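Student: Below is a structure I'd like to ask you about.
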């Protein structure tokens, strides 16, 4: 029987928000890198390989022993391949859409994770999470102007412009939701550092195959591009390590909706660094998201 989902402590709540901020910063840095000559495969290769090397050094220095069943090893391999695919899909979306809009579509992954968990392991979503999800998505829809009201394009014009990018992001959402559910239900007992280095190494291998099939890496054209590439590697590596090390102990599937605040962080960072304007209705949407997230984080333990 699956144990009940715990409400987050204040420290854990802050940790989830930190992960959301780092993930948002990672995608803004990726857009900067893409604008200065880097392609999707190169970005995924750098961030996956860089993070895997750092975590591998930590695992080696701390003398971590790998103890896994055959089933757990198979799940880890599958997760690594899925993280590689998810990374390529999401960065493909970020390369085609405004950063925050790509993350809006991707941040349906709490719903994906809950549905995978329910369908494959019979764990019904917690009522508070189920009620908060539509509120968060509504706020994100307003914040990211999915109906084209602020842009003046209208719904049909907006979707004609963003459709391919949204499709990539939704594909990434479905894949990432499954990896979260697998982490919680299949490999949570494994050392988080081992899970991280294994999945990132395999994700890097997927990216390497893609890069080599396209004639080799496309490196930045200038200093700004290098700052973006190194920044996305640092932000993603830190967030990924926390995500797969700390959060499984907190009930990662049930509380993953809290990370839906990531596009709001990205929206603000993109405004500051990429000169993307924020309309009043988008600010209203951001406030709805923040309010829903705070309500979830501060709810009483059962």
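Student: Return the distance in nm (one decimal) between the two label points of a simple spin-label model at residue 151 and residue 214, each offset 7 Å from Cα along Cα→Cβ.
Tutor: 2.3 nm
Student: Expressed in nm², what is the orientationally averaged projection area of the convex hull enclosing the Cα positions of the range 72-173?
Tutor: Approximately 7.3 nm², given one-decimal rounding.
Student: Another question, if that's okay. Sum -39500 (n - 2.57) across every DSSP H segment of at least 4 residues in the chain, then divide by the residue count to get the 222 nm mean residue ellipticity, nearest 500.
Tutor: -25500 deg cm²/dmol
Student: So, by mean Cβ neighbours within 10 angstrom, what's the order for 122-129, 107-114 with the highest one leading?
Tutor: Going by the mean number of other Cβ atoms within 10 Å, highest first, we get 107-114, 122-129.
Student: Compute the separation of the alpha-carbon centres of the range 211-241 and the range 45-107 and state it in Å as a whole number.
Tutor: Measuring centre to centre over Cα atoms gives 14 Å.
Student: Using a 10 angstrom cutoff on alpha carbons, build the Gaussian network for the chain and name the most mobile of 163, 84, 177.
Tutor: 163
Student: Hey, another quick one. For semi-axes √(5λ) of the Cα gyration tensor in Å, which listed value, (1) 33, 25, 17; (2) 28, 26, 16; (3) 47, 26, 14, comes from the coordinates shown?
Tutor: Given (1) 33, 25, 17; (2) 28, 26, 16; (3) 47, 26, 14, the calculated one carries the label (2).
Just so you know, all these numbers are worked out from the coordinates, no wet-lab data involved. Source: prediction; values computed, not measured. FYI the Cβ positions are ideal-geometry reconstructions off the backbone, even for glycines, and counts take in every protein chain you see.
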